[in-house]
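Engineer: Once you've had a glance at the structure underneath, I'll fire off some questions.
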Amino acid sequence: MRLVRHIAAIVTLLGLALQSVSAQSDRLPTREELEGAVHPKLSITAKRGVAAESATIDIGTIESTTSATCEFVVRNTTSSTVVITQLRSTCSCLKLLTRPKALRAGESMAIEVEFNPSGREGKFSKEVYIYTSLDGNYPTEKLTLKGEILSKDEWSHLPVRMGVLRLSRKSVTLDNKSRSARIVVVNTSANPITLTSNPTTPGIEFRTEPRVLMPNVESDIVISYKTTKEITSEIESMLIIEGCGTARPTERMIKIKIRR
């Protein structure tokens, strides 16, 4: 679902860029035109006729499972009525809860936005552009919402799941110079475990450091190829890890490539 929303957002922004290219031209939009469609420059003629009391709001640190709602207050700084014609956000994660309306001279209004951090982490900065009757082409004001998302998955830097294990990767490559490789692993269960494996290719050895993996402590899987001979041809092998829970054999597989 997240991928579908992402693709839809890209298609929408590309459509905006294509609209800015001459209808008689069949060329693709340039990088500058695409950037201008996503992050347009503010109007010069409007001169912030509708201006925010605070154009940037920092919501601080939030968890990836909790949506955040905040309000930007904007005011018509001109001496006549200005119509807010469109409110446009740069991300589907930023939902606009306020409808465009007309503002009398000096009148203020609150623009409420809801930020959904699901599937995201780290620092972010998202924008809302306010289009008005003061300029038919360029936005009058830009609002920025920023902050930082904390993921509840403390092992997000170890993306591979294998039963109760989280690993940095599931494949290694060895050669004549580097005959051993390490895979970072953590035991996410509540109990100590010991991993074993029976390599099918002569010379391949498997061990963990330390031998017993304690709960929630990063450790290493060490895979090595020990032989006195030079590697003269490419070898492909695999290990099936035992002791990591109820995962199927195909999920407990580490691929090994040995090359010259």
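Engineer: Convert each backbone phi in the stretch 253-260 into a coupling constant with the Karplus relation 6.51 cos²θ - 1.76 cosθ + 1.60 (shift: θ = phi - 60°), then list the ³J(HN,Hα) values in order as whole Hz, x for Gly and Pro.
Structural biologist: Karplus-based 3J(HN,Hα) across the stretch 253-260 equals 9, 10, 8, 10, 10, 10, 10, 5 Hz.
Engineer: In addition: Give me the net charge of residue 226's neighbourhood, meaning all other residues with Cβ under 12 Å from the Cβ of residue 226; Lys, Arg count +1, Asp, Glu -1.
Structural biologist: In short, +2.
Engineer: Distance in nm between label sites at residue 177 and residue 95, each 7 Å beyond Cα in the beta-carbon direction?
Structural biologist: My value for the distance between the label points is 5.3 nm.
Engineer: Which of rounded, prolate, oblate describes the stretch 143-191, given a ≥ b ≥ c as roots of the alpha-carbon gyration tensor eigenvalues and a/c under 1.5 marking rounded, otherwise prolate only if a/b is larger than b/c?
Structural biologist: Numbers: a/c = 4.29, a/b = 1.71, b/c = 2.52.
Since a/c reaches 1.5 but b/c is at least a/b, the shape of the stretch 143-191 is classed as oblate.
Engineer: How high is the relative contact order of the stretch 160-258, given as a whole-number percent (alpha carbon pairs under 8 Å, six or more residues apart)?
Structural biologist: Here the relative contact order equals 33 percent.
Engineer: May I pose another question? Tell me, what ³J(HN,Hα) does each residue in the stretch 154-170 have, in order and in whole Hz, if you take phi through Karplus 6.51 cos²θ - 1.76 cosθ + 1.60 with θ = phi - 60° and put x for Gly and Pro?
Structural biologist: In residue order, the calculated couplings are 5, 10, 5, 7, 10, x, 8, 9, 9, x, 8, 9, 10, 10, 6, 6, 10 Hz.
Engineer: Using a 10 Å cut-off on Cβ atoms, rank the peptides 196-203, 249-256 from the highest mean neighbour count down.
Structural biologist: Values: 196-203: 13.5, 249-256: 15.6.
Order by mean packing, descending: 249-256, 196-203.
Engineer: Same structure, new question: Filter the cross-link list 123/170; 47/146; 152/255; 47/123; 170/229; 226/257 down to pairs whose alpha-carbon distance in this structure exceeds 22 Å.
Structural biologist: Values: 123/170 29 Å; 47/146 24 Å; 152/255 30 Å; 47/123 30 Å; 170/229 26 Å; 226/257 14 Å.
Beyond 22 Å between Cα atoms: 123/170; 47/146; 152/255; 47/123; 170/229.
Engineer: What list of ³J(HN,Hα) couplings, whole Hz, do you get for the stretch 100-110 from phi and the Karplus terms 6.51, -1.76, 1.60, once you set θ to phi - 60° and write x for glycine and proline?
Structural biologist: x, 7, 8, 10, 5, 3, x, 7, 10, 8, 9
Engineer: How much mean residue ellipticity at 222 nm does the chain get from its helices, if each DSSP H run of length 4 or more adds -39500 (n - 2.57) and you divide by all residues, to the nearest 500 deg cm²/dmol?
Structural biologist: -3000 deg cm²/dmol
Engineer: With all pairs of different alpha carbon atoms counted, what Kirkwood hydrodynamic radius in Å does the stretch 160-258 show? Could the numbers behind the result be given before it?
Structural biologist: On the way: mean 1/r = 0.0725 Å⁻¹.
Value: 13.8 Å, from the Cα pair sum.
We did not get these values from a lab; they are worked out from the coordinates using the rules stated. Predicted model, so just to flag it, every value in this text is computed and none were measured. Neighbour counts are summed over all protein chains in view; Cβ atoms, including those assigned to glycine, are modelled from backbone coordinates with ideal geometry.
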